[in-house]
Number of protein chains: 2
Amino acid sequence: MTYRAPVSDYQFIFDHIVDFSAVLNSESFSDVDQDTVLAILEEAGKLASDVIAPLDRGGDLNPAQLVDGVVKTSPGFADALGQVAEGGWIGMLASPDNGGMGLPLTVGTAVNDMMSGACLALSLYPLMCQGQIEALEHHASDDLKAVYLPKLVSGEWCGTMNLTEPGAGSDVGALRTKAERNGDGSYSITGQKIFITWGDNDFSENVCHLVLARLPDGAPGTKGISLFMVPKVIPNEDGSLGEKNSLHVVSLEHKLGIHGSPTCVMEYDGAKGWLVGEEHQGMKCMFTMMNNARLGVGVQGVGIAEAATQKALAYAQDRVQGKSPLGNEGAGIIDHADVRRMLATMRADTFVARSIALACGVALDLGRTVPEQQARGAFLIPIAKAFSTDIGHEVAQTGVQVHGGMGYIEETGAAQYARDARITSIYEGTNGIQAMDLVGRKLMDGGEAAFALLDEIETFAEAARAILPKRAIAVWNSAETLREGLETVLTLPMNDRFGVAVPFLRAFARVLGGYFHLKAAIAEGGDGPRSRLAAFYIKRMLPEHRALLAQVRLGAQDIYALSPEDLTV
Amino acid sequence: MTYRAPVSDYQFIFDHIVDFSAVLNSESFSDVDQDTVLAILEEAGKLASDVIAPLDRGGDLNPAQLVDGVVKTSPGFADALGQVAEGGWIGMLASPDNGGMGLPLTVGTAVNDMMSGACLALSLYPLMCQGQIEALEHHASDDLKAVYLPKLVSGEWCGTMNLTEPGAGSDVGALRTKAERNGDGSYSITGQKIFITWGDNDFSENVCHLVLARLPDGAPGTKGISLFMVPKVIPNEDGSLGEKNSLHVVSLEHKLGIHGSPTCVMEYDGAKGWLVGEEHQGMKCMFTMMNNARLGVGVQGVGIAEAATQKALAYAQDRVQGKSPLGNEGAGIIDHADVRRMLATMRADTFVARSIALACGVALDLGRTVPEQQARGAFLIPIAKAFSTDIGHEVAQTGVQVHGGMGYIEETGAAQYARDARITSIYEGTNGIQAMDLVGRKLMDGGEAAFALLDEIETFAEAARAILPKRAIAVWNSAETLREGLETVLTLPMNDRFGVAVPFLRAFARVLGGYFHLKAAIAEGGDGPRSRLAAFYIKRMLPEHRALLAQVRLGAQDIYALSPEDLTV
């Protein structure tokens, strides 16, 4: 059983859940039409299913390796990534002015979902490039753009992000990498960076590192950080490749998963770099692309959830154990109530996570011109990142459970999904930090974006009462409970908010899930497979929000009451 | 940071949570006194912390391997298991008549907790032996006992359990391994068994396999299965070792975790075996030891949870990132509210899981003479197995999250706990099957054992109102909600019960957790570290039971409404 790209699910969600037509009707995407989008999704789906997915297990078994200072990549990755580049997928979000497709982020999100589901380790390569292209488009000088963008968009060169250092993880501002002015407009970069995804490979002509570093007169903390382009090979003025830069891969990490993705320790030893954006404004440049990057990581959770669900569903239909309680001769374990419950949970949450990610994409696309949508997109990002990645891992672990003993055997592949997915809750800002962003920065508007979402849910639920009264009332009630929770959170001092941030974020996602499932059910008139799944979700999974919101009024007091010694036995 | 055996936690739980004194006062253990028990726990703790724990990472890095047909074990395992045997830990539960220590199961459970926390892969070796000893003590003929028990108890020989076959996992009755009568009292066993834990090693003098097989006149299904002792080397009449038996290890599995534990595919090719118990009564023999085995696996979850909590706690105190919100100069990330929340969750659930396991042990110990206690023990077993192993994995995954990016790097060891723990929710009956056992077989008494537990909780909570009114009322209410849930479950047809079995089991554990935390708080007069942890649990974690119990009245109808096609996109 191989991964099959869920193109029809995107179509349904575009049409009935997230109002993708508004994106197509917006000025920003006047060149894109529905037929093109469908053709693009089908093309990406074929690439994901037929070319990329077959490499997933091999990448796990044959991790990227450091051989004589160069990263040797997993079998087949070079060729498949060549096809990704040729298909234009690396530059799919880039402006047509730079050779890109200029697609809406919503479509790009669906494509990233498929790539991640097919092979997460491989999909990180185009994702890193997308992020770099975005950063350069927004902040680089015209000279830099002219040299780098065409090569990055075409996929001849690739891009990386260098933020983390051994002593500076979540606290980026603690970084110690130094930049010095060379006097010729270029800079010398010196320092060590860790956890650099796809920090090197054996097939790209060049690897372009975006590196955060501090100039001698840079203030301490995040305010004194600047962003630099530091290429592996220094381009000549005519764009051809010149001499090798003073940087190298020190080692690769041994990770729980995504073995096919080389995670590098990078050493910069007076490496030549060029400023991106202004001096000391590096964090601002990073923030520009963090939105899309976080959505990109969130949808990795969706991709893995989809792949794990497909695999478990196929196994549960094939694997016969005991008599079917439904009396079906030769039926698989899917006929056992608890197994089917697990599968329904997986499918229901995959739909929620996907809908949140795509709703976030739509808001960010519309947000180019509509401020309220921009605010909505910003509010949804930490939810899309944290909830979807948590769900990716949970669904993959449930998939292992459906497989029983076979799930624990690596050859089956179910465990790999769980191992691969596990990083997504950690990188690009841990999910705890996402939740802090949600209750902190994203509520600085006094909750306006959040309340607007709740208003929308309640309005829809009220209208839905005529068709599905019980489900609609349950969803309306959940939104109202969430509204009370939100009002409580807004009264809390910041550090008390942080004590309830994670449960609050998850509760918000649960309620959004109720809304999206209700919408799906109404779209088919209240009767059909999506309505049955909606009933399952609203009755079994939505109630979790209440237990989560019960914590909101607690703040952080009961947490801090527990000293480190209290937690020791 | 290395694992430190939590001996003081057992002492506290013995004294204040599970009434271990009743075990010491019971006729069955008149030879055992409190001082002995404490000395035993401290001795086992030293072995676990100083000898076994240091081998955990090496076992993961250097898995057991099959070399020329013999299993080569991980470095240091042979020596450490020699010390386990010398300390008498393999025979700790065996009758003194057979050379054992005759300890209560409660004490053995604490010891297994420590061994599992120190190195799960290694601890499976003594656990398998304990199970075999128990099976032989109950069912073997005197002749078999005389040959095997002294060697197993001393640890010179080891034991395995052979149930699973490629087509017979949860459905043991589907097995195809054949037994034929040789006419001399012995039998010939032919077939293949999979997932055989510690199926071979390079240091025991003999490996004794207990094998389930079907005689030619055995009925289909579980009723026609018999149990056989099939040794790797056939003992002579004088007890010395004779010729090699016709069995061999075909291969070892590549697993997600417990790499130091050789999981074998075994081939029996007309191997000589001896009947244990009566013909066609093999399942009855297996059931005898399944109780203890399931508790043994449950407590593996506790052990891993303890080890993961200790590791994360140490890391969070050492790792500095950003300023402490509490203003503590140079404080670790433990000062961040969300990190401390995670650590408190880990500690609170480790305590619950441990208390449930030890309460189960006490009930089974008392159950030797008191039928009500036996029923309570039987009721608690699936909870102790499923909840504790789920918690083991959840806590280990939270530990990974506390470590951030470092948690994803294998060298850190946090991920290993998660990988190792993952099997415990699957083997010895998946946790779904445990839940089916709980709502099925274990409620055949009309809920008597369950209601007795709820009565006990409510009585305690009522008395506790004088000291901790809010916490006591919350616990009382949770027991009452659970009572209603239980009453509902009892009205459901069996297959509807199976649709809500997993949430019901977890809800029961959550409420038991409230009870045990309340007891801990009352034991210190309502003020102190355990009271603060109880407040955290009761306010933040106990509410989960309501969302879980909301599902109970649904039965399985909404699950079966979803066809396999409905779950496909």
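Could you tell me which numbered condition residue B:223 fails, if it satisfies all but one of (1) surrounded by fewer than 18 Cβ atoms within 10 Å (Cβ to Cβ); (2) within 30 Å of residue A:414 (Cα to Cα)? Every condition holds for residue B:223 apart from (2). The sole residue among A:283, A:289 that is at pLDDT below 95, surrounded by fewer than 22 Cβ atoms within 10 Å (Cβ to Cβ) and either farther than 24 Å from residue A:536 by Cβ or more than 8 Å from every other protein chain (Cβ to nearest Cβ) (or both) is A:283.
So is residue A:520 in contact (Cβ under 8 Å) with a residue 12 or more places away in the chain, surrounded by fewer than 24 Cβ atoms within 10 Å (Cβ to Cβ) and either under 25 Å from residue B:305 (Cβ atoms) or of a type in the set (Gly, Ala, Ser) (or both) or not? In short, yes. Taking the residues in the range A:3-22 that are touching a Ser or Thr at 6+ places or on another chain (Cβ under 6 Å) and among the aliphatic types (A, V, I, L, M) as candidates, determine which candidate is surrounded by the fewest Cβ atoms within 10 Å (Cβ to Cβ). Top of the filtered list is A:17.
How many residues are under 15 Å from residue B:397 (Cβ atoms) and either facing chain A (nearest Cβ under 9 Å) or of a type in the set (A, V, I, L, M) (or both) when one looks only at the range B:307-326?
Number of matching residues: 4.
In the range B:232-271, the residue that is surrounded by the fewest Cβ atoms within 10 Å (Cβ to Cβ) out of those that are among the polar types (S, T, N, Q) and assigned to a loop (DSSP other than H, G, I, E, B) is B:240. Residues considered: A:520, A:450. Of these, the only one that is under 25 Å from the mean Cα position of the chain (by Cα) and closer than 26 Å to residue A:371 by Cα is A:450. Taken over the range B:489-503, the criterion of being away from chain A (no Cβ under 11 Å) and within 25 Å of residue B:389 (Cβ to Cβ) is satisfied by B:489 alone.
Close contacts from the range A:413-440, counting a first residue that is without any contact (Cβ under 8 Å) to a residue 60 or more places away in the chain and facing another protein chain (nearest Cβ under 10 Å) and a second that is assigned to a helix (DSSP H, G or I) and among the aromatic types (Phe, Trp, Tyr), with Cβ to Cβ under 7 Å and a gap of 6+ residues or different chains, come to A:415/A:408; A:426/B:408.
Residue pairs whose Cβ atoms lie under 6 Å apart, separated by 6 or more positions or on different chains, with the first residue in the range B:543-569 and at the interface with another protein chain (Cβ under 7 Å from one of its Cβ atoms) and the second not in a helix (DSSP H, G or I), are B:543/A:550; B:547/A:543; B:550/A:543; B:569/A:6.
Only a single criterion out of (1) surrounded by 24 or more Cβ atoms within 10 Å (Cβ to Cβ); (2) within 28 Å of residue B:432 (Cα to Cα); (3) of a type in the set (A, V, I, L, M) is not satisfied by residue A:384, namely (2). Of all the listed residues (A:518, A:533), the sole one being under 20 Å from residue A:10 (Cα atoms), part of a helix (DSSP H, G or I) and facing another protein chain (nearest Cβ under 8 Å) is A:533.
Counting just the residues of the range A:183-194 that are part of a strand (DSSP E or B) and of a type outside the set (S, T, N, Q), which one comes out farthest from residue A:120 (Cα to Cα)? Going through the qualifying residues, I end up with A:187.
Based on this model, can you work out whether residue A:482 counts as more than 19 Å from residue A:297 (Cα to Cα), in contact (Cβ under 8 Å) with a residue 60 or more places away in the chain, surrounded by 24 or more Cβ atoms within 10 Å (Cβ to Cβ) and more than 12 Å from chain B (Cβ to nearest Cβ)? Spelling it out, residue A:482 is indeed more than 19 Å from residue A:297 (Cα to Cα), in contact (Cβ under 8 Å) with a residue 60 or more places away in the chain, surrounded by 24 or more Cβ atoms within 10 Å (Cβ to Cβ) and more than 12 Å from chain B (Cβ to nearest Cβ).
Residues in the range A:490-499 include none that are of a type in the set (Gly, Ala, Ser) and outside any helix (DSSP H, G or I).
Within the range B:454-463, identify whether any single residue is part of a helix (DSSP H, G or I) and within 30 Å of residue A:336 (Cα to Cα), and answer yes or no.
Yes, there is a match, as at least one residue in the range B:454-463 is part of a helix (DSSP H, G or I) and within 30 Å of residue A:336 (Cα to Cα).
Every condition in (1) over 28 Å from residue B:22 (Cα atoms); (2) surrounded by 22 or more Cβ atoms within 10 Å (Cβ to Cβ); (3) more than 14 Å from chain A (Cβ to nearest Cβ) holds for residue B:329 except the one numbered (2). If you go through the range A:155-193 and keep only what is at positive phi and without any contact (Cβ under 8 Å) to a residue 24 or more places away in the chain, you end up with just A:183.
Residue B:367 falls short on exactly one of the conditions (1) touching a helix residue (DSSP H, G or I) at 6+ places or on another chain (Cβ under 6 Å); (2) surrounded by fewer than 24 Cβ atoms within 10 Å (Cβ to Cβ); (3) within 9 Å of chain A (Cβ to nearest Cβ); (4) not aliphatic (A, V, I, L, M), and that condition is (3).
Let's see how each residue does on (1) touching a residue at least 24 places away in the same chain (Cβ under 8 Å); (2) closer than 17 Å to residue B:286 by Cα:
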| position | (1), (2) |
| --- | --- |
| B:206 | yes, no |
| B:223 | yes, yes |
| B:232 | yes, no |
| B:241 | yes, no |
| B:244 | no, no |
| B:255 | yes, no |
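Between B:379, B:351, which is away from chain A (no Cβ under 11 Å), in contact with a Leu (Cβ under 9 Å, 6 or more places away or on another chain) and among the aromatic types (Phe, Trp, Tyr)? The unique qualifying residue is B:379. Being under 27 Å from residue A:452 (Cβ atoms) and within 10 Å of chain B (Cβ to nearest Cβ) is a property that does not hold for residue A:513. Does the range A:195-211 contain at least one residue that is among the aromatic types (Phe, Trp, Tyr), more than 22 Å from residue A:116 (Cβ to Cβ) and either out of contact with any Phe, Trp or Tyr (no Cβ under 8 Å at 6 or more places or on another chain) or assigned to a strand (DSSP E or B) (or both)? No, because not a single residue in the range A:195-211 is among the aromatic types (Phe, Trp, Tyr), more than 22 Å from residue A:116 (Cβ to Cβ) and either out of contact with any Phe, Trp or Tyr (no Cβ under 8 Å at 6 or more places or on another chain) or assigned to a strand (DSSP E or B) (or both). Every condition in (1) closer than 24 Å to residue B:314 by Cβ; (2) of a type in the set (Phe, Trp, Tyr); (3) surrounded by fewer than 22 Cβ atoms within 10 Å (Cβ to Cβ) holds for residue B:29 except the one numbered (1). In the range A:1-120, counting only helices (runs of 4 or more DSSP H) that sit wholly within it, the ones holding 1 or more residues that are over 20 Å from residue A:206 (Cα atoms), modelled with pLDDT of 95 or more and charged (D, E, K, R) span A:7-16, A:34-46, A:56-61, A:105-118.
The combined condition, being closer than 30 Å to residue B:62 by Cβ and without any contact (Cβ under 8 Å) to a residue 24 or more places away in the chain, is fulfilled by residue B:400.
The values are calculated or read from the model by the stated rules, or taken from the named source; none is laboratory data. This structure is a prediction, so every number in the text was calculated from the model and none was measured. As a convention, Cβ positions derive from the backbone with ideal geometry for all residues, glycine included, and neighbour counts pool all protein chains shown.
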